[in-house]
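Below is one structure; the comments refer to it alone.
The values are calculated or read from the model by the stated rules, or taken from the named source; none is laboratory data. Model, not experiment: these values are computed from the prediction. FYI the Cβ positions are ideal-geometry reconstructions off the backbone, even for glycines, and counts take in every protein chain you see. These area figures cover heavy atoms from the full protein model, side chains too; ligands, DNA and RNA do not enter into them. Shrake-Rupley method; radii C 1.70, N 1.55, O 1.52, S 1.80 Å.
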Amino acid sequence: MTLLQVEDLAISFGGIKAVDGLSFSVSQGEIVSVIGPNGAGKTSAFNCISGFYRPNQGKIHFDGESIIRRKPSYITRAGMARTFQNVRLFKDMDVLENVKTGMHSRLRQNVLDIMLHTPRYHRSEAACTQDARGWLDFVGFRADDELLVTQLPYGEQRRVEIARALATQPKLLLLDEPGAGLNHSEKNELMELIRKVRDAGIGIVLIEHDMGLVMQVSERIVVLNHGREIADGTPEEIKNDPVVIAAYLGEEETV
Amino acid sequence: DGGGSDEGPIKLGMLAPFSGSEAAFGDYMKNGAQLAIDEINDDGGVDGRDLELVVEDDACDATASVAAAQKLVTAGVLASVGGYCSGATLPTIPVFSDADIPMVIPAANSNAIVGQGAFMINGTGAQQAEAGIKFATKLGVTKVAAVNDQTDYSKDLADTFIADAEEAGGFEVVLDGAVNPDDKDFSANVKAIIDAEPEFVYWTGYYQAGGLLVRQLREAGYEGTVLVGDGTVDAQFAEIAGDGFTDDVFGTFTKTPDMLEGADDWIAAYKDVSGGEAPGPYSIQSYDAVRVVAEGMKDAGSTDGKAVNEAIAAIDGLELSSGPLKFTEDRTLSGGGFVIVEVGPEGDFVLHDDLQD
Amino acid sequence: MRLTLDSVDLFYHRVHALRELSLVVEDGEIVSLLGNNGAGKTSTLSLISGLVKARSGEVTWGEHDLTRMRPWDMVGAGLIHVPEGRRIFSTMSVHENLLLGGYLVDDAQLVRDRTEHAYELMPRLAERRNQQGGTLSGGEQQMLAVGRALVSGPKLLLLDEPSMGLAPLVVKQVMEVIEAINAEGTTVLLVEQNARAALKIAHRAYVLESGRVTMEGPASELAQDPKVIEAYLGV
Amino acid sequence: MTTDSTRLHAPAPFIDRAPQPSGILAPNTFMKTLGAVCFVTALVLPFISATPYLISILTSAFIYIVLAMGLNVVVGYAGLLDLGYIAFMAVGAYTSGILTTRFGFSMLETIPFVVVACIIAGVIIGGPTLRLRTDYLAIVTLGFGEIVRITANNLTVTGGPTGIHGIPTWSFFGWSFADGVTIGGLYFNSKILFYYFVLVVGVGGAVVAAARLGKGKMGRAWKSIRDDEDVSEAMGINGYRTKLMAYVIGAIWGGFAGTLMGAHLTAISPNSFLFLYSALVLMAVVLGGMASTPGVIIGALFVSLAPEFLREFSEWRFLLFGLLLVVTMVFRPKGIWPENAVLPFLKKRQVPAHEPVGATGPVAEPEEAS
Amino acid sequence: MSQLIWNGLFVGSFYALIALGYSMVYGIIKLLNFAHGDIYMLGAFFSFVVLGGMSGLLGIGSIPVLLLVMLIAMLFTGFMGVFIERVAYRPLRGSPRLSVLITAVGVSFTLEYAVRQIFGPNPEVFPIRLSGTPITILGARITLPQVVLMIVAALLMFGLQRYIMHTREGRAMRAIALDQTASLLMGVNVNKVISRTFFIGSALAGAAGVMAAAYYGSIDFLMGFVIGLKAFTAAVIGGIGNIYGAMLGGLVLGLLESFGTHLFGGEWRDVFAFGFLILFLTFRPTGILGERVTERV
Ligand SMILES: Nc1ncnc2c1ncn2[C@@H]1O[C@H](COP(=O)(O)OP(=O)(O)OP(=O)(O)O)[C@@H](O)[C@H]1O
Ligand SMILES: Nc1ncnc2c1ncn2[C@@H]1O[C@H](COP(=O)(O)OP(=O)(O)OP(=O)(O)O)[C@@H](O)[C@H]1O
Ligand SMILES: CC(C)C[C@H](N)C(=O)O
Ligand SMILES: [Mg+2]
Ligand SMILES: [Mg+2]
């Protein structure tokens, strides 16, 4: 069934139309990639969908509910999680706490529980730690989870960011260039990870410039240019679409 | 634990501001008190025991003053001769009274202190306001502006002045103004004053702002009389206001030796103690406070707090700068002793009118 | 001028990030640095440009002792580091960002020419000339970071993952730009995850693992090495 | 929210982790023990030396700890720069001061009013302004602090510039501290009783509660906002509500400290709530170490006791205080005891060096969200 | 009415002058330099000492002497600013911002009480007084010194704005404000540029101190505290870090105070001014000219 339905989305900054009439949809258990040249409006579209930008026009339905003009925190609670193009972790927290933050809205503890350390508090903290570790293991994080995130190399930071997004227990996951800064074998692991999440019944939208990854993992690909959709289809169709090749892929770079 | 011993010197405690915005007054008070102590000790002390001054900084701040008062109690003082800022002095009253330590307050004079068991040898706001009203009535002015600096002492004085003026009649209070004492530019206040068209302005704040205010008033064309309260009666006032800006400026003040015969000797003695600095506001009152306490202890024949308190309350006729001492029921001065002073040729305030007629 | 790192050790508190690392970049070369996450590639570049200090070992560039030289003097001498994560001046315009690249260039005309040159190489930047750097898209920012470095007129260019976030077409363009400036005489030390692209233009390459050099050689040879293929290139 | 779609559920961890260290030298146990030792020392102190001076400055210092712990929630945890924090103390002090001296309430009875007044004050100032960022927030809070002080200075209920005096000490159901008490032949006067009261209820309660707030769900939410507000939103955290929460909790702590201060000093006046004091409390937090409980306690003790200990130097003391402050900050830029400080002699977890294996684990069986 | 406006503008230009330096320093290292007001105080006291030493020169006319003294005082406070940055702030680079702020409070205490130890707590009377005969323009009494002071403030503002926005060094300053490491990589000598900024900002404060001393005639060790707070407020209303904003903020604050006193009386003045500010900032959260920083995610 359809999880995300975007219709005629548009946003502009000053004179620039960053997104200009974009429509697409994502179903449960589906991996949809969004590709396009730099500045095509991919991240801006993500920002509109996840509530960080206020679109000028368009409809966004998530899981049957219109989420346009909702705050990001609401949208996250409704079941949409995202990562950021430039890794943005909480720098003063250790790895474990970063992931736990993702579980915020699912934890049942109120201020009194916390101040009085009620059994409910202990229970929920223990479960929270357990789950956070589960996510870290799941994404392939193998360093010490009590390190501050700033002490991690870039690739590990990316993993933590994904774990943190997963910890919000999303129905739909938006990944903004998760493969950037990873080498070939790391990308393979990433691919495996994405598939596993998908297999759990989660919808995934993926922005990515690495065509190897995109072509192998996506069920469907949406291609943007100048904020508009120029193609939508299976990897096979996209690979051979002359418009896409001209605007984005370049002649011999098809993998 | 607390409590003085019967041996060794008799310790007198003094709280005064040495830091913060009122820091200037601490030294004036300390030196005044020290002078009295030196004189008394030279005369053989009190019942053969020397007096010793213990000074603590209260920074004009309630928290600091309570701590400082407790420190004095711990140090075993047998009387307190300090208290400059009413706000900082008020919370120290229970501290001293719990320890049965008599308090003679040389400066702080807000009405809130009245009736709490401490002796006040500075005239109270009510007494000073009365002098101001008398003077204004005498000049025959009809429109008066009262301006305060929003501190407890100043506002208290201005409010009393305004309230009492209503009954005393004679003139109308056309403005109840307030300035921010930390400012340097009072043009907005000056404009408000001039707009109200008074013939007489009563400034109840301190000299630092007072000097600037009076100058700016004059520069803006105000030509009427200015009367200032005792917080502004200080030689520095004329300096800050500048030459030619202090004509027709008067002050309400308790009589001090420098206005009386023989002032020079006292000032010289003071300078010996202070290392050359001239006495300032409340030097003489602090000097007197020590003398009052010493007198009380002599009369009581002991240093026991209760006895000394009673003895001080019973003092009659000890010659202070403000005149012969006699306390009221409330332990305030029976004769406020306020007179009108004016800026003399040297820039310091000299007697103008003792309001005796 | 030849850049040499001789047996350097770098620590972040207790993390031993570089271990007796030695490498050489000859004048006029493009040398590529490959390695996993955390291998120490960024650390190597930061060490060269003086952002972090080695505990032991020597870093020299021609007659310059880089361990003792201050960062601005290095820039003055033509050593430019394009850092990981772009580090665009976010509220300054694209144009001002480029001008800052020419901070130490006293000849205003030269700065103007080089800026124009950067615009020619990356026309997208010209379109965005007055936009705040921080609002550019990821790829646009990457171009700006490279463009900014070019304005300073580098003799030795340290590039940390310049292709990150770039569209395939643009990656190609950037690699061409690198080759072009190399042809004009700039030495390049290139850290890349896109090993395929990097090995294509590099003369020589080093592979770093856990802070150590584990392989080195001409780029074309490494590109044939089965281990490199498996880890960094894919089949 | 519709519920017919799958939510992801957490997989179980499958990697063995190095065990947390145990024993007295384990960081957590050690800190708790240290705290308990300090507390007990403070408890028995009056049996060793009970000069009025010592009792008085320690009581003030403890009240400062309560204040600083409250501000720490706002500044340390949530990262909101508050330059008018002392206003909340004023609200508390005046509320209980007015109710006790004019309406004959006992201190205990004023507490609910103080809490309500502080919540209202927190919401009034926080409500419209919390979307401002750092320095704009700073100026607004500074302004708020001044507004409260000036208003107190100008109203008659608050006693104008003279303020309120004669505030009674604490009493419980007819029995007052002022009566003193004799236990086992030892007489405890009202000041000593008040010292214990502040120590146990004030410091004990306020420190433990505030420290715990820093650790659970709220603490993480605050710290995430401090680090990166946008991303924090993306974690489902409502930034505005969370910040307001910090404000209100800070306000309550401040108000409680104000009530204690009123009873301790017996008199309050607007002069006790100058901007300078907001700066001093902030100093306590930053100097000690933002978001670090032991740090904030040390900072509060430093700020309240240093001027007292420097009394010996009389007129030089503020000069020395200033210099000491600069020197301390220069040598301990993150505070005397920073948030993530690790004492060198404590046991550390032995983490085996890892090779990035990189295989991803199995995801939990998908469950239907309920 | 016109008198009210004039008074407000004049007081405001003093605030503005100090706010300029405040804003510059903030602009580069994001430090609310609480000691900035004390630098102003130092300027006043330093010129007081110099004038005491040069009393013989007073014969040559007070305006030229004053200008000379002002220049010397600007050099002095400029170097003081550099010195303070060097010993107290530089070691804290890269530490939490609030740490530096608290250090600044420490510096402020130190300066205030050092001056108190040297000169005593009483105000000193400044040997030169600027007082001109007022002329009335549009119903407002205006004096020549007032006009001169305002022109000086305006010129400084335009000069600074040009310097910061349109020169290489100015650009470097703004770059440092955004990212010190990246600035280093551009070849900016971060230390030097920061020192220079402190020099300029402190020299400005020193100049303001001398002007205030000569205009009002009395100086004291705490004179910088309140004006420092006012300048901070002005800088923020204007949009902190923005030079025109600082100027505008100063003027607006001056006007607010002038009208506040007129409408509600001196005791409610600051309540009015701050109340207005709070209201204003809730509608324009980045001040009058502060740019809206759109942080991308
Ligand atoms: N806040 C903003 N203000 C001004 N312009 C913006 C803003 N956000 C995005 N833009 C512009 O909108 C366009 C689309 O940007 P966006 O980040 O969506 O691109 P993208 O497709 O994600 O590109 P990339 O692959 O390089 O990340 C860009 O040209 C960018 O400069
Ligand atoms: N500031 C720091 N504090 C502590 N450890 C650090 C710090 N920066 C890097 N490290 C550690 O140093 C090692 C090398 O990191 P470096 O960033 O150089 O790796 P890299 O090869 O650039 O990786 P990536 O491809 O992910 O960018 C890593 O183990 C990392 O955890
Ligand atoms: C004039 C002064 C003696 C008044 C004193 N500051 C007080 O508060 O009472
Ligand atoms: Mg993008
Ligand atoms: Mg790296």
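Quick check: from the Cα gyration tensor, does segment B:92-189 come out rounded (a/c under 1.5), prolate or oblate?
Working: a/c = 3.24, a/b = 1.66, b/c = 1.96.
It is oblate, given that a/c is not under 1.5 and a/b is not larger than b/c.
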How much mean residue ellipticity at 222 nm does chain E get from its helices, if each DSSP H run of length 4 or more adds -39500 (n - 2.57) and you divide by all residues, to the nearest 500 deg cm²/dmol? -24500 deg cm²/dmol
Residues of type lysines that E:K230 reaches as a straight line, Cα spacing below 28 Å, ignoring anything fewer than 8 places off in the same chain: B:K155, B:K184, B:K191, D:K243, E:K30
Across the Cα atoms of segment A:89-168, what radius of gyration and what greatest pairwise Cα-Cα distance (Dmax) are found, in Å? 13.0, 39
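Normalising by the residue count of segment A:140-220, find the relative contact order in percent from Cα pairs under 8 Å and 6+ residues apart. Don't skip to the end; give the middle numbers.
Numbers: 52 pairs, mean separation 25.4, N = 81.
In percent, rounded to a whole number, it is 31.
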Could you tell me which Cys residues in the protein assembly as shown have no other cysteine's Cβ under 4.7 Å from their own Cβ, answering none if every one has a partner? A:C48, A:C128, D:C38, D:C118
Find, among the GluC sites (Glu not before Pro) in segment E:224-297, those assigned to loop by DSSP (not H, G, I, E, B) with at most 16 other beta-carbon atoms within 10 angstrom. E:E291, E:E295
Once the in-chain neighbours fewer than 8 apart are removed, the lysines whose Cα is under 22 Å from A:K187 read A:K42, A:K196, A:K239, C:K41, C:K172, C:K200, C:K227
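Let me check I've understood the local charge: for B:I37, count other residues with C-beta under 9 angstrom from its C-beta, Lys and Arg +1, Asp and Glu -1. What total comes out? Kindly include the intermediate steps, with their values, before the conclusion.
Details: positive: none; negative: B:D38, B:E39, B:D50, B:E52.
Counting the neighbours of B:I37, the net charge comes to -4.
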Listed residue (D:A178, E:A234, A:F84) projecting farthest to the positive dipole end of the protein assembly as shown, Cβ model: A:F84
Tell me the relative contact order for chain C as a rounded percent, counting alpha carbon contacts under 8 Å between residues six or more apart. 27 percent
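Quick check: net charge around A:P178, other residues with Cβ under 12 Å of its Cβ, Lys/Arg +1 and Asp/Glu -1? Present the calculation step by step, with values, prior to reporting the outcome.
Working: positive: A:R82, A:R158, A:R159, A:K187; negative: A:E161, A:D176, A:E177, A:E186, A:E189, A:E208, A:D210.
Combined, the nearby Lys, Arg, Asp and Glu give -3.
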Per the 1.4 Å probe, what fraction of the accessible area of the protein assembly as shown, in percent, lies on carbon and sulfur atoms? 57 percent
Whole-Hz ³J(HN,Hα) from phi, Karplus 6.51 cos²θ - 1.76 cosθ + 1.60, for segment E:93-107, glycine and proline x: 4, x, 8, x, 4, 5, 4, 5, 4, 5, 4, 4, 4, x, 4
Build a GNM of chain D with springs between Cα atoms under 10 Å: which of D:W170, D:W337, D:W316 gets the top mean-square fluctuation? D:W316
Debye intensity ratio I(q)/I(0), log10, chain D, q values 0.06, 0.08 Å⁻¹ (C-alpha model): -0.28, -0.48
Taking the Kirkwood radius as the inverse of the mean 1/r across Cα pairs, report the Rg/Rh of the protein assembly as shown. 1.02
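What net charge is computed for the residues neighbouring E:F264, neighbours being all others with C-beta under 13 Å from the C-beta of E:F264, Lys and Arg scored +1, Asp and Glu -1?
Combined, the nearby Lys, Arg, Asp and Glu give -3.
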Farthest towards the positive end of the dipole of the protein assembly as shown, among E:Y26, D:L199, C:G138 and with Cβ unit charges of +1 on Lys and Arg and -1 on Asp and Glu, lies the Cα of C:G138
Distance (nanometres) between label positions extended 7 Å along Cα→Cβ at B:N41 and C:H13: 5.9 nm
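So what is the calculated 222 nm ellipticity per residue for chain D, using -39500 (n - 2.57) for each DSSP H run with n of 4 or more, over all residues, to the nearest 500 deg cm²/dmol?
-19000 deg cm²/dmol
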Computed label-point distance, nm, for sites A:R69 and A:L112 using a 7 Å Cα→Cβ extension: 3.7 nm
Asserting the computed 222 nm helical MRE of chain B (DSSP H runs at least 4 long, -39500 (n - 2.57) per run, divided by residue count, to nearest 500) equals -12500 deg cm²/dmol
Cα principal axis extents for segment C:60-218, largest first, Å: 45, 37, 28
Compute the semi-axes of the equivalent ellipsoid of segment D:29-180, taking the square root of 5 times each eigenvalue of the Cα gyration tensor, and list them largest first in whole Å. 30, 25, 14
Looking only at C:R114, C:R86, C:R68, which one moves most when chain C is put into a Gaussian network model with springs between Cα atoms under 10 Å? C:R68
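In Å², nearest 100, what accessible area do chains C and A bury in total when the solvent probe is 1.4 Å?
2200 Å²
Please average, across the residues of E:26-37, the number of beta carbons from any other chain that are within 10 Å of each residue's own beta carbon, and give a whole number.
Details: counts 1, 0, 0, 0, 2, 0, 6, 0, 1, 2, 0, 0.
Per residue, the number of nearby Cβ atoms from other chains is 1 on average.
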How high is the relative contact order of segment E:1-283? Use alpha-carbon pairs under 8 Å, at least six apart in sequence, and give a whole percent. 41 percent
Based on the inverse mean of 1/r over its pairs of different Cα atoms, what is the Kirkwood hydrodynamic radius of segment E:1-283, in Å? 19.3 Å
Candidates B:S86, B:S302, B:S110: whichever shows maximal mean-square fluctuation once chain B is modelled as a Gaussian network with Cα springs under 10 Å: B:S302
To the nearest 0.05, how large is the calculated FRET efficiency for D:R102 and B:A263 if R₀ is 51 Å and r is the Cβ-Cβ distance? 0.60
At a probe of 1.4 Å, how much accessible area disappears from chains A and D on forming the pair, both sides counted, to the nearest 100 Å²? 5700 Å²
Efficiency by 1/(1 + (r/R0)^6): what FRET value for D:R311 and E:I63, r their Cβ-Cβ distance, R0 = 51 Å, to the nearest 0.05? 0.60
